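These notes concern the structure reproduced below.
The values are calculated or read from the model by the stated rules, or taken from the named source; none is laboratory data. All figures in this text were calculated on a predicted structure; none of them were measured in a lab. Virtual Cβ from ideal backbone geometry, glycine too; neighbours counted across all protein chains shown.
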Amino acid sequence: MAKLARASALQFGANITQTFVGAIITIYVINELGVGAFGVFALSAALVKWASIPAVGIRGAVITRMNESDDISPSEYFTTASVLTGTIILIGLLALLGFSSFVEQYLNYSGTRLVGGMFASNVSFRLVLGGLRGENRVEMSSLYEALWGILSSLVKLALVYTGVGVDALFYGEIVSSIVIGIFGIYSLNISFVSPKRSAAVSLYAWARYGWLDNLKRMSYSWLDTIILGFFVSTSLVGIYEVAWRISALFVLLPTAISKSTFPTISSLRDTNKLNGVRQILNRGLSVAGVLAIPGLVGSVLVGGDILALYGPSVSSVGVAVSVLVSLSVVRLIECYETLVMQALNALDLPDKTFRIGIIFITTNIILNVLLIPIFGVIGAAIATLLSMTLGSILAIRALPEAVQTLPPVSAIGSQFVSAGVMAVVLFTILNYRPIVQPIEVVLYVLVGAVTYGFVLLSLSSNFRERIQQLLSESLG
């Protein structure tokens, strides 16, 4: 458990660092270029993510198969996956060039080549991270992921400052993927060998189902952005993406836990120790909402002030706060859904995730198409919320009986009570002294966080034990 705790802590730290640095750069970029330029990049990133879905399925298969002990070596798996991924990249680039006029009209941006470069470099880099996770080197993968985020942000900052414009956002992604990807390749404990047909068959056996779960996640993360691009301006797309990124902070902890526990759950499945899987899942669920619950409360109380940091092109749009609050609710549900879905994947139950994915994607597409023309960006948030709720219910029901666990009601209840106390404190302070300066936003958020943390540590012995265990195991 010590290694698992260290991996989770490092993954969480990497995510926090990447999100924090990215937020600062995003604030600067939007203040300099406007939210419309950021919306162009958001639409481009959505297209890249969707085009990457087949490659993401292969990456998931690499993580799973390299962790298993069979007649095929990790080197053979990774080399074969590299060839398959290269083929996907080639097909994607040809399609992008073939439909370049449509893509440029949709994005209102003439940088198709940069979009293609971001696609190719990002897919390749993510495969390298998958290889490291397949070797059960989660800590190394987390470190490279954090370095990628930091380097990407710094390149964007430098290029925007020198007047490159929206192109700077693409160059940041491309440069960081190439540079950190090279370091990642040298860190892999594999050698490149001849691709093996049996490895391709084994990877396909997992990916043919696993890719749909990734499609589900892309549908959840990016489908609303794609559809928004057909109905609203790039400025509103940018505002939606800003709210999405702010709320992303709330799911950092369950994301870190799910990534770190995947190899462990997978190995317990092989030894048929499902009781251990249930214990890991229960521990994760007990702390999954630690950030999302107070985050939702905070978005209601100071969401407008946080959005004001991004400049008047964001804060002047009245619907921005409503979008942030709606997406904060979505993130709260996602916290628990993430852990359950990752457990299903680690237990090698792709047929179940396949069915869940089909239902989720169909529901999400229908709701987005119906609600966005009527309610705009709020319609996208509502569609995502309803789809995520349905997907979560189906995921819980799909867990094997030996793994199913009762919701940790006491732990979750303590988090809601602590968030309530935080709300009272913040509401009182805001009535006495409303926020005027940007630095006050940071100070008030810190006051809320400290209040929430202190009350939670006082109320929840379970949470205290988790923190003490994490610290002792991480430092030990």
- [ ] Report the residue count in the range 93-125 for those that are of a type in the set (Val, Ile, Thr) and part of a loop (DSSP other than H, G, I, E, B).
- [x] 0
Open item on the list: If Ser410 meets every condition in (1) surrounded by fewer than 17 Cβ atoms within 10 Å (Cβ to Cβ); (2) touching a residue at least 12 places away in the same chain (Cβ under 8 Å); (3) polar (S, T, N, Q); (4) closer than 30 Å to Ile239 by Cα apart from one, which number is that one?
Closed with: (4)
Open item on the list: So, in the range 313-349, exactly how many residues are touching a residue at least 40 places away in the same chain (Cβ under 8 Å) and more than 21 Å from Gly284 (Cβ to Cβ)?
Closed with: 10
Task: Considering residues of the range 303-323 that are part of a helix (DSSP H, G or I) and not small (Gly, Ala, Ser) only, the residue surrounded by the fewest Cβ atoms within 10 Å (Cβ to Cβ) - done: Pro312
- [ ] Within the range 9-43, count every residue that is more than 15 Å from the chain's Cα centre (by Cα) and at pLDDT below 85.
- [x] 5
- [ ] Might you let me know whether the range 99-110 holds any residue that is of a type in the set (Val, Ile, Thr) and either closer than 22 Å to Asp224 by Cβ or buried (at least 23 other Cβ atoms within 10 Å of the Cβ) (or both)?
- [x] yes
Task: Answer from Ile24, Ile30 - the residue that is of a type in the set (A, V, I, L, M, F, W, C), outside any loop (DSSP other than H, G, I, E, B) and surrounded by fewer than 20 Cβ atoms within 10 Å (Cβ to Cβ) - done: Ile24
Task: Residue among Phe463, Phe416, Phe427, Phe454 that alone is of a type in the set (Phe, Trp, Tyr) and modelled with pLDDT under 85 - done: Phe463
Open item on the list: If Val251 satisfies all but one of (1) crowded, with 22+ Cβ neighbours inside 10 Å; (2) within 30 Å of Ala37 (Cα to Cα); (3) modelled with pLDDT of 85 or more, what's the number of the condition it fails?
Closed with: (3)
TODO: Considering only the range 324-347, state which residues are farther than 22 Å from Ala256 by Cβ and either over 17 Å from the mean Cα position of the chain (by Cα) or not in a helix (DSSP H, G or I) (or both).
DONE: Val325, Ser326
Task: Candidate set from the range 188-216 (those that are within 18 Å of Arg133 (Cα to Cα), of a type in the set (A, V, I, L, M) and outside any helix (DSSP H, G or I)); member that is modelled with the lowest pLDDT - done: Ile190
- [ ] Evaluate the following for Ala292: is it touching a Leu at 6+ places or on another chain (Cβ under 7 Å) and buried (at least 23 other Cβ atoms within 10 Å of the Cβ)?
- [x] yes
TODO: Look through the range 372-397, keep the residues that are within 18 Å of Ser233 (Cβ to Cβ) and without any contact (Cβ under 8 Å) to a residue 24 or more places away in the chain, and return whichever of them is surrounded by the most Cβ atoms within 10 Å (Cβ to Cβ).
DONE: Gly379
Task: Subset tally (residues that are part of a loop (DSSP other than H, G, I, E, B) and either free of Cβ contacts under 8 Å to residues at least 24 places away in the same chain or in contact with a Ser or Thr (Cβ under 8 Å, 6 or more places away or on another chain) (or both)) for the range 138-167 - done: 3
Task: Meets criteria (in a helix (DSSP H, G or I) and either crowded, with 20+ Cβ neighbours inside 10 Å or modelled with pLDDT under 90 (or both)) for Ile358 - done: yes
- [ ] Determine which member of the set Phe170, Phe125, Phe183 is hydrophobic (A, V, I, L, M, F, W, C), in contact (Cβ under 8 Å) with a residue 24 or more places away in the chain and surrounded by fewer than 22 Cβ atoms within 10 Å (Cβ to Cβ).
- [x] Phe183
TODO: Identify all residues within the range 59-108 that are among the small types (Gly, Ala, Ser) and touching a Phe, Trp or Tyr at 6+ places or on another chain (Cβ under 9 Å); write none if there are none.
DONE: Gly60, Ala61, Ser75, Ser82, Gly92
